[in-house]
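Below is one structure, written out as structure tokens; the observations come after it.
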Amino acid sequence: MKFEIQFSGNENIRSNHQKTIEITKESHLTPYGDCIIGVNATSGCSDLPQELKDKLKIPDTKVTFSICVEEHEFILEGKGHPDLILTHSEDIVIRKSDFICPRTLAVKCDKASDLLPREMVLLLQDPKTRGTFTITVD
């Protein structure tokens, strides 16, 4: 199963957090949001299809994420978890840790925003840049 979320850039994108990656439906971003890679997202956790949420709650479900910006693609993998809440209306956060809150979409991810290629980060610092965040669950 595959689900795509569109998002846009923001001049305050830093993408240097070592444990998480986040996209948000919010349109504003302060420089302190250092895990955020996109704003104006078309979905938050609560907007995901129920079938996808159900699959994410199967223990150790493998989840693949693809972040595409122009010709660049960044791929990472994580796990689902039976305790996922998936109710946050604005945000989606994927984590290297196993911390779970309403914003958490996946845990035990193999990468975080600090590894996003710097060419992508530079593109995402332009509010006109559009990106795609794709969630694929086996």
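Is it the case that some residue within the range 91-110 is more than 21 Å from V137 (Cα to Cα) and under 11 Å from the mean Cα position of the chain (by Cα)? Talk me through it step by step, then tell me what you get.
Within the range 91-110, the subset more than 21 Å from V137 (Cα to Cα) is none.
No, the range 91-110 has no match at all.
Which residues, counting only those in the range 21-40, are surrounded by 15 or more Cβ atoms within 10 Å (Cβ to Cβ), over 10 Å from the mean Cα position of the chain (by Cα) and not in a strand (DSSP E or B)? Steps first, answer last, please.
To start, the set of residues in the range 21-40 that are surrounded by 15 or more Cβ atoms within 10 Å (Cβ to Cβ) comprises 21-26, 29, 33-40.
Still in the running and over 10 Å from the mean Cα position of the chain (by Cα): 25-26, 29, 33-34, 39-40.
Result: K25, E26, L29, G33, D34, N40.
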_Here's a check for you: in the range 93-138, which residue that is in a loop (DSSP other than H, G, I, E, B) and in contact with a Phe, Trp or Tyr (Cβ under 9 Å, 6 or more places away or on another chain) is farthest from N16 (Cα to Cα)?_
C109
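Only one of I58, I5, I13 is at negative phi and either part of a strand (DSSP E or B) or touching a Cys at 6+ places or on another chain (Cβ under 6 Å) (or both); which? Break it down stepwise before answering.
On the way: I58 fails: either part of a strand (DSSP E or B) or touching a Cys at 6+ places or on another chain (Cβ under 6 Å) (or both); I13 fails: either part of a strand (DSSP E or B) or touching a Cys at 6+ places or on another chain (Cβ under 6 Å) (or both).
None of the others qualify; the one that does is I5.
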_Of all residues in the range 63-84 being surrounded by 15 or more Cβ atoms within 10 Å (Cβ to Cβ) and β-branched (V, I, T), the one that is nearest to M120 (Cα to Cα)_ = V69
*Take the range 91-138 and flag every residue that is closer than 20 Å to L29 by Cα, buried (at least 21 other Cβ atoms within 10 Å of the Cβ) and among the β-branched types (V, I, T).*
I92, V93, I94, T104
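Could we say that Q50 is surrounded by fewer than 18 Cβ atoms within 10 Å (Cβ to Cβ), over 14 Å from the mean Cα position of the chain (by Cα), at pLDDT 95 or above and not aromatic (F, W, Y) here?
On the way: surrounded by fewer than 18 Cβ atoms within 10 Å (Cβ to Cβ): yes; over 14 Å from the mean Cα position of the chain (by Cα): yes; at pLDDT 95 or above: yes; not aromatic (F, W, Y): yes.
It is true that Q50 is surrounded by fewer than 18 Cβ atoms within 10 Å (Cβ to Cβ), over 14 Å from the mean Cα position of the chain (by Cα), at pLDDT 95 or above and not aromatic (F, W, Y).
Residue under question is D83, and the condition is that it be part of a loop (DSSP other than H, G, I, E, B), within 18 Å of C35 (Cα to Cα) and modelled with pLDDT of 95 or more; does it hold?
Numbers: part of a loop (DSSP other than H, G, I, E, B): yes; within 18 Å of C35 (Cα to Cα): no; modelled with pLDDT of 95 or more: yes.
No; evaluated as a whole, the condition is false for this residue.
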*Under 6 Å between Cβ atoms, at least 6 apart or on separate chains: pull out the pairs that start in the range 46-72 with a residue that is free of Cβ contacts under 8 Å to residues at least 40 places away in the same chain and farther than 21 Å from K111 by Cβ and end on any residue that is surrounded by fewer than 15 Cβ atoms within 10 Å (Cβ to Cβ) and not charged (D, E, K, R).*
K57/P82; P59/P82
*Pairs under 8 Å by beta carbon, first residue β-branched (V, I, T) in the range 109-127, partner assigned to a loop (DSSP other than H, G, I, E, B), six or more apart or different chains?*
V121/I13; V121/R14; V121/S15
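The values are calculated or read from the model by the stated rules, or taken from the named source; none is laboratory data. None of the values given here were measured: they were computed from a predicted structure. All Cβ positions, glycine included, derive from the backbone under ideal geometry; neighbour counts span all protein chains shown.
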